[in-house]
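In what follows, a structure is listed as structure tokens, so that the remarks can point back to it.
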Amino acid sequence: MSEIRLVQSVKEMSSLAEAFRKEGKRIVLVPTMGYFHQGHLALMKAGKNLGDKLVVSIFVNPLQFGMKEGFYRYPRDLERDQKMAEDVGVDVLFVPSSEEMYPQGFQTYVEVEKLSKPLCGISRPWLFRGVATVVLKLFNIVKPHVGIFGLKDYQQFLVIKRMVKDLNLDIEIVGHPTVREPDGLAMSSRNVYLSPEERDSALSLYRAILRAKELISSGVKDVAILKENLEELILSHPYTRIDYIEFVDPETLESVKEVKGPTLLALAVYVGLARVLDNAVINERGEILS
Ligand code: AMP
């Protein structure tokens, strides 16, 4: 296996990508904020099979964080990440600084209007503008043929797909299923913030997904009833405070009143100071589709 190449400058990454393209290589990009776990590694392993050169970016994007949201305390460990990426065969680790990405005078943003508004967009109206802007920049710098995104961040996946379509980017967007701990907790870099008691409360999101599956398969289709039931289940766990529990159309993210076909159940819950996300697409028979 060849050694991983660490690139920190935009200019170097851009010319490297240009050289890959000239050699006819198919470039795959996995954008991340680092502090890798098995979810990230699964996206990378999938990426190995989708092209010739696998680029992973690590950039904790200040545009995605609110005022008090812990941009500075977001977990970081480049040495550990580099080793983990090398072990799965990543070719290039692109780790630009904020100054490289947003030099003085920066003032251009991408807004994916409707898909950015519901769910996480309600408590974080700045979030998807930050995501779309940084991902478009990464696409322009890394010039990938394929971009891989986790369905754990389902709304982000839809926002990126929409941006690619609307702006005619010639990039295939691949969604990767959510990777979970053995007990069902969706993996996240932010899980390190959870104490053991909080971690058990964070499991309430997965328990809620399983409860929804059970209720829907036993014939409960009314979203108001489902939501009430899931809310009660989650709040029976200590330290929890619900941001949202929503059943929405998996393509438009518009609310539905009844589960008549594939429906996205999206959950965001504060557990102590951490905000935990999870989701599943469930059909009217109670089958989990993703
Ligand atoms: P992050 O570093 O949290 O921004 O995540 C980088 C990429 O990995 C995003 O596309 C996420 O959706 C994806 N990701 C994070 N956690 C998971 C997980 N548990 N399963 C699948 N994909 C994930």
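So for K165, K114, K68, what's the accessible-area order with a 1.4 Å probe, most first?
Largest accessible area first, the list is K68, K114, K165.
If the cut-off is 27 Å between C-alpha atoms, which lysines fall inside it for K45, apart from same-chain ones fewer than 8 positions away?
Candidates past the 8-residue exclusion: K11, K22, K25, K53, K83, K137, K143, K152, K161, K165.
Of the options S188, L169, L138, report the single residue whose Cα projects farthest towards the positive end of the charge dipole of the range 137-199 (beta-carbon charges: Lys, Arg +1; Asp, Glu -1).
Among S188, L169, L138, the one farthest towards the positive end of the dipole of the range 137-199 is L169.
Kindly list the residues of the range 221-246 that lie in the label zone of L210, defined by a backbone N under 17 Å from the point 7 Å along the Cα-to-C-beta vector.
Those under the cut-off are 230-238.
Could you please state how large a percent of the accessible area of the chain is carbon and sulfur, counting protein chains only and using a 1.4 Å probe?
50
Once you sort the root eigenvalues of the Cα gyration tensor of the range 106-175 as a ≥ b ≥ c, which label holds: rounded (a/c under 1.5), prolate (a/b larger than b/c) or oblate (the other case)?
Oblate, since a/c reaches 1.5 and b/c is not below a/b.
Place a +1 charge on the Cβ of each Lys and Arg in the range 10-117 and a -1 charge on the Cβ of each Asp and Glu, then give the dipole magnitude about the Cα centre in debye, rounded to the nearest 20.
The dipole magnitude comes to about 300 debye.
Taking R0 as 35 Å, what's the FRET efficiency between E100 and Q38 from their Cβ-Cβ distance, rounded to 0.05?
In this case the efficiency is close to 0.75.
Based on the mean of other beta carbon atoms within 10 Å per residue, what is the order of 28-41, 192-205, most packed first?
Working: 28-41: 21.8, 192-205: 18.2.
Listed from highest to lowest mean packing, they are 28-41, 192-205.
Counting Lys +1, Arg +1, Asp -1, Glu -1, what net charge surrounds A224 among other residues with beta carbon under 14 Å of its beta carbon?
The answer is -3.
Tilt of helix 127-142 relative to the longest C-alpha principal axis of the chain, in degrees (0 to 90, nearest 10)?
Taking the Cα atoms of the chain, the angle to 127-142 is about 30 degrees.
I'd like the FRET efficiency for L6 and V281, computed as 1/(1 + (r/R0)^6) with the beta carbon distance as r and R0 of 45 Å, rounded to 0.05.
0.75
Hey, quick one: spin label on K25, modelled 7 Å out along Cα-Cβ, who in the range 83-125 has an amide N within reach, i.e. under 11 Å?
Taking a point 7 Å out along Cα→Cβ of K25, the residues of the range 83-125 whose backbone N falls under 11 Å are 91-93.
For helix 204-217, what angle does its Cα long axis make with the longest principal axis of the chain, in degrees from 0 to 90 and rounded to 10?
60
Kirkwood Rh over Cα pairs of the range 10-118 into Stokes-Einstein at 20 °C, 1.002 mPa s: D in µm²/s?
This corresponds to a translational diffusion coefficient of 137 µm²/s.
Heavy-atom accessible area per residue, the chain, 1.4 Å probe: how many Å²?
49
Helix 38-48: angle to the longest alpha-carbon principal axis of the chain, degrees 0 to 90, nearest 10?
Between helix and principal axis, roughly 50 degrees.
Provide the net charge surrounding P62, with neighbours chosen by a C-beta distance below 12 Å and charges set as Lys +1, Arg +1, Asp -1, Glu -1. Can you show the working numbers first?
Values: positive: none; negative: E69, E99.
Its environment carries a net charge of -2.
Among the aspartates and glutamates, which have Cα under 13 Å from the Cα of K260 when same-chain residues fewer than 8 positions away are ignored?
D222, D249, E284, E287
Check which residues have an amide H placed less than 5 Å from D243's amide H, if you skip close sequence neighbours.
A268, V269, Y270
The values are calculated or read from the model by the stated rules, or taken from the named source; none is laboratory data. Not measured: the values here are computed from a predicted model. Counting neighbours? That spans all protein chains shown, and the Cβs are built from the backbone with ideal geometry, glycine included. In case anyone asks, the SASA skips ligands and DNA or RNA and just uses the protein heavy atoms, side chains included. Shrake-Rupley method; radii C 1.70, N 1.55, O 1.52, S 1.80 Å.
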